[in-house]
Amino acid sequence: THEDPAVYQAQAGYLAGIPRLGIPGLRFADGPPGVLTRHPSQAETATMGVAATFSTKAAEDNGLVIGREARALGIDVALQPFVNIDRDLEFNRGYNTFGEDPFLSGQMAIGEVKGIQSQHVMAQIKHFVGYDSEGTSTWIDPQTLHEVYVAPFEAAIRNADVSSVMCSYNQLNGTFACGNDSTLTKILRDEIGFKGFVTSDWGAGHAVNFINAGLDMEMAG
């Protein structure tokens, strides 16, 4: 849905509200780090730089600034933290991650989510799951999936009550991540107990039946 050009901020996405029910629209702004719109905003420390402090307080402070900037700009959902694992040196988004350690990534995510959401802005943790390389098809065994790739998401869900999750572009074990019942329903909802909403990455929805697998909101490419 396109936002009124008079107020559009060139943010990542927009979901129109329902005025007759008093439901406002939602603006989604990309990151990390910071809040990316056409308006100037503060440039936060690079994501890996925050992780290098090994300080959950620094992560929370960083999230607080992101949330405050988002709130000031009228952004409702901050599309961060980015908790995929930096295990492929050729992954061109590796710099957006907290590094290669799932425990550290989870602890940083907890702090950042708490900081963002303390400013009455929703955080959206991404990208669920296995989006850790330039490969379009990822194969991960169940133990590694849980202990390495899902672990940071689980930490933020259980310990910071993150509002939303973004599912990823890749196929996981032969099934697109945004239409993968085994991860979006069985792991995310049933095992971890996630109560928020799942948004597709932009263009990562490929079929209407993805909603049956656990996708709540499709963002166009």
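The values are calculated or read from the model by the stated rules, or taken from the named source; none is laboratory data. Keep in mind the model is a prediction, meaning the values are calculated, not measured. Don't worry about glycine lacking a Cβ; one is built from the backbone with ideal geometry, like all the others, and counts go over all protein chains shown. Only protein heavy atoms, including side chains, enter the accessible area calculation; ligands, DNA and RNA are left aside. Shrake-Rupley method; radii C 1.70, N 1.55, O 1.52, S 1.80 Å.
Scanning the stretch 132-170 for residues that are of a type in the set (S, T, Y) and modelled with pLDDT of 95 or more, we see that the one that is most open to solvent (accessible area, probe 1.4 Å) is Y169. Conditions: (1) surrounded by fewer than 14 Cβ atoms within 10 Å (Cβ to Cβ); (2) touching a helix residue (DSSP H, G or I) at 6+ places or on another chain (Cβ under 7 Å); (3) within 22 Å of M219 (Cβ to Cβ). V35 meets all but one. Number of the miss? Result: V35 fails condition (1) only.
Within the set E112, E218, the sole residue that is in contact with a helix residue (DSSP H, G or I) (Cβ under 7 Å, 6 or more places away or on another chain) and crowded, with 17+ Cβ neighbours inside 10 Å turns out to be E112.
Selection of the stretch 159-187 for residues being part of a strand (DSSP E or B) and in contact (Cβ under 8 Å) with a residue 60 or more places away in the chain yields S164, M166.
A single member of E112, E60, E100, E90 is of a type in the set (D, E, K, R) and without any contact (Cβ under 8 Å) to a residue 24 or more places away in the chain, and it is E100. The lone criterion from (1) open to solvent by less than 70 Å² (accessible area, probe 1.4 Å); (2) touching a Lys or Arg at 6+ places or on another chain (Cβ under 9 Å) left unmet by Y8 is number (1). Scanning the stretch 69-89 for residues that are out of contact with any Ser or Thr (no Cβ under 9 Å at 6 or more places or on another chain) and more than 12 Å from R27 (Cβ to Cβ) yields a single hit, L89.
Search the stretch 119-131 for residues being assigned to a loop (DSSP other than H, G, I, E, B) and open to solvent by 10 Å² or more (accessible area, probe 1.4 Å), and hand back the single one that is nearest to D61 (Cα to Cα). Per the stated criteria, the residue is Q119.
Of the residues that sit in the stretch 13-28 and are in contact (Cβ under 8 Å) with a residue 60 or more places away in the chain and touching a Gly at 6+ places or on another chain (Cβ under 9 Å), which one is least open to solvent (accessible area, probe 1.4 Å)? Checked the stretch 13-28; the qualifying residue least open to solvent (accessible area, probe 1.4 Å) is F28. Restricting attention to the stretch 188-221, the residues that are of a type in the set (G, A, S) and either assigned to a strand (DSSP E or B) or free of Cβ contacts under 8 Å to residues at least 12 places away in the same chain (or both) total 1. A156 meets the conditions (1) part of a loop (DSSP other than H, G, I, E, B); (2) touching a helix residue (DSSP H, G or I) at 6+ places or on another chain (Cβ under 7 Å) in every case but one. The failed one is (1).
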